[in-house]
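Only one structure is covered here, and it is reproduced in the block below.
The values are calculated or read from the model by the stated rules, or taken from the named source; none is laboratory data. Here the structure is a predicted model, which is why all the values come from computation and not from measurement. Using ideal geometry, Cβ is built from the backbone for each residue, glycine included, and neighbour counts are taken over all protein chains shown.
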Amino acid sequence: MSLPPGFLDELRNRVSISQVVGRKVLWDPRKSNQGKGDMWAPCPFHQEKSASFHVDDRNGYYYCFGCHAKGDALKFIQETENVGFMEAVEILAREAGMPMPARDPQAAQKADRRSELAAVMEEAVRWFRLQLQTGAGQAARDYLAGRKLGQAAQDRFELGYSPDNRQALFHALTGKGIAPDLIVDAGLCARPEGGGEPYDRFRGRIIYPIRDARGRCISLGGRAMDPNARAKYLNGPETELFDKGRSLYNHGPAREACGKGQPLIVCEGYMDVIALVEAGFGGAVAPLGTAVTEDQLRMMWRVHPEPVIALDGDTAGTRAALRVIDLALPLLEAGQGLRFAVLPAGQDPDDLLKSGGAAAMTKVIEGARPMVDLLWQRETEGKVFDSPERKAGLDKSLRAAIKRIADPSIRSHYGDEIKRLREALFGTAPRGGDGFRSDGFRTEGFRSEGFRGEGFGKSGGKAPRAANTTGAARKPQGKPWQQVQVLPQASTRLSALAGSEEGVTEYLGEAMVLAIFVAQPALVMTFESQLETLHLTHRDHQDLRQLLLRLAHQPGRLNREEIEEAAPEEVETLMSLPHVRIAPAVRLAEDPETGRLGLAEAMAKLDAYRIARSEIEHAMRDMEALVDEGVTWRLSQAARAIERAHKGPEAESRQSVKASNGLELDKEELDLSRELFSKIDFSRGGKPRK
């Protein structure tokens, strides 16, 4: 979504940066000068006691002389609350009392409707909280006290109580002038099938407000006080505000906690979340009465790259964890995975915290297992593999699971780990890492797709077979400890280029596009929509894109100096890449036409590469089942797409000539070559003709 010109400037003028930062820090009265807008405090981004964090109200920026964190009010909200740029704009706009620009009249009308429903929900939350303090709420208060929930915890999570009365809430809200239709549409009441006044959905229950990432109350959860109730826990129905498959309990506070370095812990219910938060694990969330959905999984990854699934240590909890594995496998990306905390049998997080305290929970979280371990456990636990047929059945099920992983690099690493576990299970682990068993027979491992253990690109793979002159395999020469393994240096391992060949190509393509925008910032406004929708895989690239779009709507700010000042490390890394330094669109920054053509070419190459790679992967999967002319045609078209992209957009209009050997040549280049050769007299040693 593009913001209208001047919107961000008006937003910053309405809310001072010291007002935004002041919610997170304590100002040092000795160093601060409030009259001049010159404020100092201990830095919220790193642990310190001295006031080295400086906020300048006049210029609207903050800077830490300790950790060198810097930015404006929006950047501060992004960093401290772990949100994206547009979400930070929305947060600041709400504080300033400025409405966000609507895309169209229908969108504005929908937003107004949702605001009305959210206001009704807030009235209901206030009413339920009051009921908890009445005589009718005594049993609910006793229950919460028995669960060790003090008043502070009840206030933090805004717990309430719904009396066991058919229309108590309905009459309370209509008495405040709220229309019955709004009460029903918010999910608080339901209409009887036979007609008549709506009745309360929640009766005789402890109420847990459910809020979205922005803090709006979107629904309610209720725990029955009657042990014989048909449903122990009840969530509100799907409404314009609430989609249970796209919501997480405690989403907003957990996102902020994870932004400060805490792990994201996914548990089953409200009380587990509350117990974890009260014990100091602020990044706790729970799905809302359903198994984890794909949308919820993507929401979790936006909060933290490696959520910890901490489900109950019983059979149902194990089954839920295994369902998450099947859901997550096709969605895995480099640096984005899951870990599983195995709780003691029969205990949930709340039970564990009561019996062992925060230390016991910390130990479980730190010992969380990677997803591949749970996948292996699912396929092998309780089974006997005492025949070739059973072993083959295991191989088949594992291959089927791993083939669902879309990312080729992750699929390869899963193959490596499964191969290692398989060798350990069947007693065929190689000795000394040389690829041979003690009896001289070679350990081939899995040869099929996904089990080759190829590592990154074309490296890794199988150990070389020793020379065989007697018809039997024999061990290679040399000692295992004499074999040298070259490991990348620490700086290389952390680099974005220390990935698969595909990842490197994609990273360099993205870098070229962004480098041209940095070298020629005027292109941002011309290609704004393409830049907004461009898929970027690297976090630094995503941050730089946000910076460019933000500066584009600030008059006089979109220039290279401002970009380098706002993101010096990112720009330096980008511009130091060899292929970027030699690019004409970057070197000739004063030539807009070169920049425009170079940018169009860079984007075309990146798109062509991604489309071709996807087509090749699909074709390769099809080839496993049946090789036909259609598959080979798709592969040839993918190769041609990459070739056309590398020729550039200008090459589309050029004529070509096909030589007798089938090689395709550019006609203009061929004519120039012929003209040059016609001027050379080879009989005189290559001298020019007279």
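For the condition under 23 Å from T290 (Cα atoms), in contact (Cβ under 8 Å) with a residue 12 or more places away in the chain, hydroxyl-bearing (S, T, Y) and outside the structural domain of Q296 (by TED's automatic domain parsing), Y143 does not qualify. Can you go through D373, D272 and tell me which one is surrounded by fewer than 21 Cβ atoms within 10 Å (Cβ to Cβ) and among the acidic types (D, E)? On inspection, the qualifying residue turns out to be D373.
If the condition is being of a type in the set (G, A, S) and within 18 Å of Q47 (Cβ to Cβ), then region 58-95 contributes G66, A69. Scanning region 591-618 for residues that are over 25 Å from the mean Cα position of the chain (by Cα) and either of a type in the set (S, T, Y) or modelled with pLDDT under 80 (or both) yields T594, I616. Here is the figure for region 333-350: residues that are part of a loop (DSSP other than H, G, I, E, B), surrounded by 20 or more Cβ atoms within 10 Å (Cβ to Cβ) and out of contact with any strand residue (DSSP E or B) (no Cβ under 7 Å at 6 or more places or on another chain) total 2.
The residue list E197, E278 contains one member that is touching a helix residue (DSSP H, G or I) at 6+ places or on another chain (Cβ under 6 Å) and closer than 27 Å to G137 by Cα, which is E278. If the condition is being surrounded by 14 or more Cβ atoms within 10 Å (Cβ to Cβ), free of Cβ contacts under 8 Å to residues at least 12 places away in the same chain and small (G, A, S), then region 164-181 contributes no residue at all.
Quick check, is A400 among the small types (G, A, S) and under 21 Å from I309 (Cα atoms)? It is false that A400 is among the small types (G, A, S) and under 21 Å from I309 (Cα atoms).
Could you please find all residues in region 182-222 being part of a loop (DSSP other than H, G, I, E, B) and either in contact (Cβ under 8 Å) with a residue 60 or more places away in the chain or surrounded by 16 or more Cβ atoms within 10 Å (Cβ to Cβ) (or both)?
Quick first cut of region 182-222, residues part of a loop (DSSP other than H, G, I, E, B) only: 186-188, 191-198, 201-204, 212-216.
Of everything in region 182-222, those that are part of a loop (DSSP other than H, G, I, E, B) and either in contact (Cβ under 8 Å) with a residue 60 or more places away in the chain or surrounded by 16 or more Cβ atoms within 10 Å (Cβ to Cβ) (or both) turn out to be A186, G187, L188, P198, R201, F202, R203, G204, D212, A213, R214, R216.
Just to check your reading of the model, which residue among I516, I563 is within 30 Å of E90 (Cβ to Cβ), touching a residue at least 12 places away in the same chain (Cβ under 8 Å) and of a type in the set (V, I, T)?
Values: I516 fails: within 30 Å of E90 (Cβ to Cβ).
Result of the check over I516, I563: I563.
Would you say L353 is of a type in the set (A, V, I, L, M), modelled with pLDDT of 90 or more, surrounded by 19 or more Cβ atoms within 10 Å (Cβ to Cβ) and farther than 29 Å from V504 by Cα? For L353, the condition - of a type in the set (A, V, I, L, M), modelled with pLDDT of 90 or more, surrounded by 19 or more Cβ atoms within 10 Å (Cβ to Cβ) and farther than 29 Å from V504 by Cα - is met.
So which helices (runs of 4 or more DSSP H) are wholly in region 1-94 and hold at least 2 residues that are within 23 Å of G282 (Cα to Cα) and touching a Phe, Trp or Tyr at 6+ places or on another chain (Cβ under 9 Å)? Show your work before the answer.
On the way: elements: 7-14, 17-21, 73-81.
Filter on region 1-94 gives 17-21, 73-81.
Listed here are the residues, each with its yes/no results for (1) of a type outside the set (D, E, K, R); (2) in contact with a Pro (Cβ under 6 Å, 6 or more places away or on another chain).
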position	(1), (2)
R129	no, no
L132	yes, no
G135	yes, no
A139	yes, no
A145	yes, no
G150	yes, no
A153	yes, no
E158	no, yes
S162	yes, no
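Would you confirm whether any residue within region 246-256 is of a type in the set (S, T, Y) and modelled with pLDDT of 90 or more? Yes, the conditions are met somewhere in region 246-256.
Pairs meeting the criteria (first residue in region 77-93 and under 11 Å from Q546 (Cβ atoms), second residue surrounded by 17 or more Cβ atoms within 10 Å (Cβ to Cβ) and β-branched (V, I, T), beta carbons under 6 Å, at least 6 apart or on different chains) are A88/I77.
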